[in-house]
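Student: Got a structure for you, written out below as structure tokens; questions coming shortly.
The values are calculated or read from the model by the stated rules, or taken from the named source; none is laboratory data. From a predicted model like this one, the values you see are computed outputs, not experimental measurements. Note that each Cβ is placed from the backbone with ideal geometry, even for glycine, and that neighbours are counted across all protein chains shown.
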Amino acid sequence: MFHKIKTIGLMFIALISFNTTFATQHQSGNIMINDPWVRSAPPNAPALGAFMQIANHSDTDVKLLSANVAGYKRVELHRTIPKNGVMQMVKQEFMPIPAHGELMLKPGSWHIMLIGPESVPSKGESVKIELIFDNGLSKTVHAKVRKGKMMHHKKMMHHH
């Protein structure tokens, strides 16, 4: 009698632990986002840049397809690339995060453009950004608004 209960108990434990390991396999544990932030901007800024480090711990390349942020006309994936000696922001269809690699979103490189803010967030606030990946995953980060380290911005002329 006592033996029977014991085996059922063990099976039950095995089942539970099997389920948890199974769940973590399919979790967003494969995509890690570090240090998300948005560069603070004057109240009349037409757009804000969001930056972060995205690490991919899976065996397959993952693409960031889009980002959703409430309170903006649109959100675009951009990359700053030199064209004829001038840095230009070019809209991207996606951002590639290589298998077992990472993508740095930083000023002067890859970044997420938050265009047409209803109101520009002030320093110390955070912006909620939902990131949509091509493997069906979505992740929400809270990006802190802070002053960016200024880069060489003489070249970054925006012609409107």
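Conditions (1) among the aliphatic types (A, V, I, L, M); (2) modelled with pLDDT under 95, marked per residue:
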{"site": "H78", "(1), (2)": "no, no"}
{"site": "P96", "(1), (2)": "no, no"}
{"site": "G108", "(1), (2)": "no, yes"}
{"site": "V120", "(1), (2)": "yes, no"}
{"site": "T140", "(1), (2)": "no, no"}
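Student: Now for a separate question. Sort out which residues of segment 142-160 are modelled with pLDDT of 95 or more and of a type outside the set (D, E, K, R), and write them in order of number.
Tutor: Matches in segment 142-160: H142, A143, V145.
Student: Given the structure, is V62 more than 16 Å from T140 (Cα to Cα) and not charged (D, E, K, R)?
Tutor: yes
Student: Take the conditions within 17 Å of V141 (Cβ to Cβ), among the hydrophobic types (A, V, I, L, M, F, W, C) and either modelled with pLDDT under 95 or outside any strand (DSSP E or B) (or both) and apply them to A70. Does it pass?
Tutor: Spelling it out, A70 is indeed within 17 Å of V141 (Cβ to Cβ), among the hydrophobic types (A, V, I, L, M, F, W, C) and either modelled with pLDDT under 95 or outside any strand (DSSP E or B) (or both).
Student: Considering (1) under 30 Å from K106 (Cα atoms); (2) surrounded by 10 or more Cβ atoms within 10 Å (Cβ to Cβ); (3) at pLDDT 55 or above, say which one G9 fails and leave the rest.
Tutor: The single condition G9 does not satisfy is (1).
Student: Continuing with this model, one more query. Pull out all pairs, ordered by first then second residue, where Cβ-Cβ is under 6 Å, the residues are six or more apart or on different chains, the first lies in segment 96-107 and is over 16 Å from I129 (Cβ atoms), and the second is of a type in the set (D, E, K, R) and in a strand (DSSP E or B).
Tutor: Short answer, once both residue conditions are applied: P96/K63.
Student: Show the residue pairs that are 6+ apart or on different chains and have beta-carbon atoms under 7 Å apart, the first residue being within segment 55-77 and more than 22 Å from P121 (Cβ to Cβ) and touching a residue at least 12 places away in the same chain (Cβ under 8 Å), the second being surrounded by fewer than 16 Cβ atoms within 10 Å (Cβ to Cβ) and of a type in the set (G, A, S).
Tutor: So the pair list comes out as N56/A99; N56/G101; S58/A99; D59/A99; T60/A99; D61/A99.
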